[in-house]
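The values are calculated or read from the model by the stated rules, or taken from the named source; none is laboratory data. Everything numeric here is computed off the predicted structure, so don't read it as measured data. Positions of Cβ are generated from backbone atoms using ideal geometry, with glycine treated the same way; all protein chains shown enter the neighbour counts.
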Amino acid sequence: MHKSKTPLILTILLLTVLLTGCTGAIPQRSWPASLVVGDTIYTAAQTFVYAVDAESGREDADKGDTEKLRYPKEAENGTTFGNAPLLLADTLIVSDYGSHIRMISKNLRSVEKIATDATGRFLSSPVLYNDLILVSNSDGKLYAYTKDLKLKWTFTAGDGFWTNPAIFEDMIFLSSVDKTTYALKENSSGDGADVVWTKELDGSVFFSQAIDEKGNLYIGTLNNELLSLDAKTGDVNWKVQTAGTVWSPVVVNEGRVFGGDQAGKIFSLDSSTGSLIWEYDAMSPVIGSVAIRENRLFAGTGSGDALCLSTEDKPETRLLWSKNVGGKLYSTPVFTEKYAVFGVIDGDMTLAAFAFSGDTGWTFKPSK
């Protein structure tokens, strides 16, 4: 893979611009992040969490009710949403870009509880670990909550966590801004986490961390490296140089590692060796994760292109279709029964749905 000529400082500046704009503080806008549950898409975007009908793209409402399903009913000053919700039974667990975690009813009508234990920002989504809800914070702590949002324990590292916790069997994995990956396990008393191993990396990690079903951990660092670690030991399976920073988690499917990078390269690697299988130049940064459905890869770019590529090693045609939405696509696409759905910023819509054939499905723009 080609080595990027972009200095690390420019990469960090890009992150600052993407997340904070010019003011130095996270504004009332964010990258839309979605969770598909049946025929509903729950999308956290800017100042609201929306419920969108997966078939039509309309903002959902209860039957016989004209009031839209969104939380909160009115925008709250200083609250910004952009992390994908976690569904637990009939409630959604939502972390905002501040220091709050909310337990919200599935119909978005009411908030059941708000946890305010963190001192930094939540830039990751909550995940389920046994009977606990885990969410990492920029204050350098991993917070473990019971399912009713009672704080059970915390784990503290040297610097901030931006990655979603990754889970394999009974182990928890977190990679940090302090260039360290931590492998943890809840202790026998259930009041904390023990460190199983740590691995010093050559670069900081913000969002790029994923694990496969075989127990291989994949990490992208700010010095343009992608590496695979053995989850049990922390030993390096392989390490490759990427053209640009791999911002978001890669996807592992049928022995291949698929991802995109800041330089606009979309790639397929052999999951066992890290060897490059194929590479496609999207000509614009790929910030979100790619998404795989059958033998097709879906990705969004910073110039607003929604792409569909063949995942085959040697297809007749790599690019199957491309559609421009007129904004920026930094989020990971999600799938409904009929559509690939992309989150949009700086455009005339929040969501854009395309049929798997490439035909335009619908767009969603929140009503006032």
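Annotations
- Subset of segment 54-102 (residues that are part of a loop (DSSP other than H, G, I, E, B), hydroxyl-bearing (S, T, Y) and at pLDDT 90 or above): S56, T79, T80, Y97, S99
- Figure legend. Inter-residue proximity from segment 160-180: first residues at positive phi, second residues modelled with pLDDT of 95 or more and surrounded by 18 or more Cβ atoms within 10 Å (Cβ to Cβ), beta-carbon distance below 6 Å, spacing 6+ or different chains. Indicated pairs: K179/L201.
- Test: S228 is among the hydroxyl-bearing types (S, T, Y), modelled with pLDDT under 95, buried (at least 23 other Cβ atoms within 10 Å of the Cβ) and closer than 26 Å to V290 by Cβ: no
- Members of segment 153-168 found to be of a type in the set (A, V, I, L, M, F, W, C), under 17 Å from the mean Cα position of the chain (by Cα) and assigned to a loop (DSSP other than H, G, I, E, B), listed by number: W162
Residues checked against (1) closer than 30 Å to V195 by Cα; (2) within 22 Å of the chain's Cα centre (by Cα); (3) not charged (D, E, K, R):
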| residue | (1), (2), (3) |
| --- | --- |
| A243 | no, yes, yes |
| N253 | yes, yes, yes |
| I266 | no, yes, yes |
| R293 | no, yes, no |
| T301 | no, yes, yes |
| W321 | no, no, yes |
| G327 | no, yes, yes |
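- Out of A340, A353, A299, one residue alone is in contact with a Cys (Cβ under 8 Å, 6 or more places away or on another chain), aliphatic (A, V, I, L, M) and not in a loop (DSSP other than H, G, I, E, B). It is A340.
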